[in-house]
Amino acid sequence: MTTRARASARRTAQPIDADERVEIATDALIYAYPLVLMEMTRRAMTNVECANTVGQAPINQFSHMAAFPDPTSTAVVRPNADTLYSALWYDVAREPLVISVADGGDRYYLLECLDLWTDVFESIGSRTTGERAVRFALLAPGWEGTLPSGTLAVRSPTSVGFVIGRTQTNGTQDYGAVHEFQRGIVATPLSQFASPPASPEPARVNPAWQTHLAPVDQVEHMAAEAFLSTFAHAARGNPPHANDYPILHRMRRIGLEPGKLFSFSEISGELRESIDEAWPVARDRIKYAAQTGGTLVNGWRIRLGGIGTYGADYLQRAAVAYFGLGANTPDDAIYPSAFTDADGAALSSDQRYQLHFDADALPPVRAFWSLTLYDERQLFAANPIGRYALGDRDPLRFNEDGSLDLYIQRQSPGQDRHSNWLPAPEQGTFSMNLRLYWPTSAVRDGRWAPPPVRRVSS
């Protein structure tokens, strides 16, 4: 054995001290978080016999939502009231899935394709393929074969993944037209593509899968052993990305490897203790990163990069999954987030706030924009007028100079300001997202930013 080889062997044989074990376990849990959250979301959204209109459908079938979410909707955190969702969980391990989309006319829409690690690998819609009809096929990583003529091949990095459709919906009065467009978004297994459409057989429901808790809450309450067991299960057939190998090597040093079944009974007591110690630390780091990530401008957290696609920034990826699973890339949408007012104080239902846009500084977008409010659950807050968002498609009242004021508070600001009122929750803190669909370069390169949220006395 050479001197270099002996030195390498000594380094490999050196035991890992307790601090390093906890550090590696913490990084591993953060790395695993998006995959586990995606798996729990998949279970919640596919555990039905047939597709419904509230976001659930068996695997490889679309669920086209018929109405905006309400305060009782818990499947997806930080939902929107701008678009009607179409959701499809796919599994293309056996064969490709062909997705057909009807002509959208001048209506904005987006089909965002995420692998099971939450990376966006394709964006189909108005910005990329236009409003015309389009057909594409989702392929497994190693699939080879022939697709129908005129079909765009889209290779998914993982066999299982999530397609989130968003169709511009201009209020509840627009539901009928949107439903017609949604009926033209259809998924068909390749083997059935040339056959007459057939009604799918009812799927099997797994009674052991929970549906009463939001997926993010299910993960929050998981023990570390259950979390890692779920991770190992979900990683089977859904390989890590090519640039993940450095963290995979570190994980193997303490006996963790994606895709290999995991049991606490088969590992040392020291490692069990380290993982149990690391799990709350990992959760706290994810939550902290969710509230502090991006750049702070005028009290808004703005992520202009590292969202939708994450490279090896696993903490950012986990934070975005926790904060808003299914986030778009900045080219499609940017969601500045506000948790505090202009003075740095947490947004509170006990206070009144005003958001003022100068006439020449309204949100610069090619599609549309909205301001959405969330309670402490990261869900819509119940309010007396059922209003969860305001935007440029609402009948807003502008000031004489063309500027715009939005009023965020628990009680009505008065009849003359009612059209510009975004109700706050009855109690507790809250947060907001300014959604910018198809933002211009002024947003993407940071030349434009939202104005501060100011606390007012009346």
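Laid out as a table, the results:
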| item | result |
| --- | --- |
| Three-way shape label, the range 295-456, alpha-carbon gyration tensor, a/c 1.5 | oblate |
| Euclidean distance between Cα centres, the range 33-72 to the range 285-363, Å | 25 Å |
| Val205/Phe264 FRET efficiency (R0 41 Å; Cβ-Cβ; nearest 0.05) | 0.90 |
| The range 48-191, dipole about Cα centre (Lys/Arg Cβ +1, Asp/Glu Cβ -1), debye to the nearest 20 | 120 debye |
| Dipole moment magnitude, nearest 20 debye, the range 219-288 about Cα centre, only Lys, Arg, Asp, Glu C-beta charged | 280 debye |
| Under the Debye formula (equal points on every Cα, no solvent term), log10 I(q)/I(0) of the range 285-368 at q = 0.14, 0.19, 0.25 Å⁻¹ | -0.57, -0.96, -1.28 |
| Size descriptor, Kirkwood hydrodynamic radius, that averages inverse alpha-carbon separations across the range 178-316, Å | 19.5 Å |
| Protection-proxy order for peptides 376-382, 320-326, each taking the mean of Cβ atoms within 10 Å per residue, highest first | 320-326, 376-382 |
| Length gained when the stretch Ile59-Arg377 is fully extended (0.36 nm per residue, less Cα-Cα span) | 111.7 nm |
| Loop-located trypsin sites (Lys or Arg not before Pro) in the range 233-270, at most 16 other Cβ atoms within 10 Å (DSSP) | Arg236, Lys260 |
| Rough spin-label spacing in nm, given labels placed 7 Å along Cα→Cβ, for Thr309 and Ala346 | 3.7 nm |
| Principal axis dimensions, largest first and in whole angstrom, of the chain by Cα | 84, 59, 43 |
| Distance between the range 140-166 and the range 388-458 - C-alpha centres, whole angstrom | 39 Å |
| Segment Asp392-Cys50, length gained on full extension (0.36 nm per residue, minus Cα span) | 119.5 nm |
| Inter-label distance, nm, simple model (7 Å from Cα along the C-beta direction), Ala242/Arg444 | 2.4 nm |
| Kyte-Doolittle at least -1.0, axis length at least 20 Å by Cα - qualifying DSSP helices, the chain | 18-46, 269-292 |
| Theoretical ellipticity at 222 nm over the chain - DSSP helices of four or more residues, -39500 (n - 2.57) apiece, nearest 500 | -8000 deg cm²/dmol |
| Additional length obtainable on full extension of the chain from Arg132 to Ala153, 0.36 nm per residue less Cα span | 5.8 nm |
| Karplus-derived 3J(HN,Hα), 6.51/-1.76/1.60, for each residue of the range 118-124, Hz, glycine and proline x | 6, 7, 7, 10, 7, 9, 10 |
| Phi to ³J(HN,Hα) by Karplus 6.51 cos²θ - 1.76 cosθ + 1.60 over the range 356-361, Hz, x for Gly, Pro | 10, 10, 5, 4, 9, 9 |
| Furthest towards positive pole of dipole, Ser159, Pro413, Ser123, structure part the chain, Cβ charges | Ser159 |
| Stokes-Einstein D for the range 33-158, Kirkwood Rh over Cα pairs, 20 °C, 1.002 mPa s (µm²/s) | 137 µm²/s |
| The chain: relative contact order in percent, alpha carbon pairs under 8 Å with at least 6 residues between | 17 percent |
| Cβ-Cβ FRET estimate between Glu144 and Ala198, R0 fixed at 22 Å, reported to 0.05 | 0.25 |
| Whole-Å distance, taken between Cα centres, linking the range 117-133 and the range 229-265 | 30 Å |
| Simple label model, 7 Å out from Cα along Cβ direction - Asp174 to His418, nm | 2.3 nm |
| Using distinct alpha-carbon pairs, which all enter the 1/r mean, Kirkwood radius of the range 375-435 in Å | 12.5 Å |
| By average C-beta atoms within 10 angstrom, highest first, the peptides 306-319, 353-366, 140-153 | 306-319, 353-366, 140-153 |
| Other-chain or far-sequence residues with amide H under 5 Å of Val456's (modelled H) | Arg352, Tyr353, Gln354 |
| Estimated dipole of the chain in Debye, rounded to 20 [Cβ of Lys and Arg +1, of Asp and Glu -1, Cα centre] | 780 debye |
| Under 5 Å, built H, 5+ apart or other chain: amide partners of Tyr90 | Asn60, Gly161, Phe162, Val163 |
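Taken together, the values in this text are just the output of simple stated rules run on the coordinates, not laboratory data. All values reported here derive from a predicted model rather than from experimental measurement. Reconstructed Cβ throughout: ideal geometry from the backbone, glycine too, with neighbour counts over all protein chains shown.
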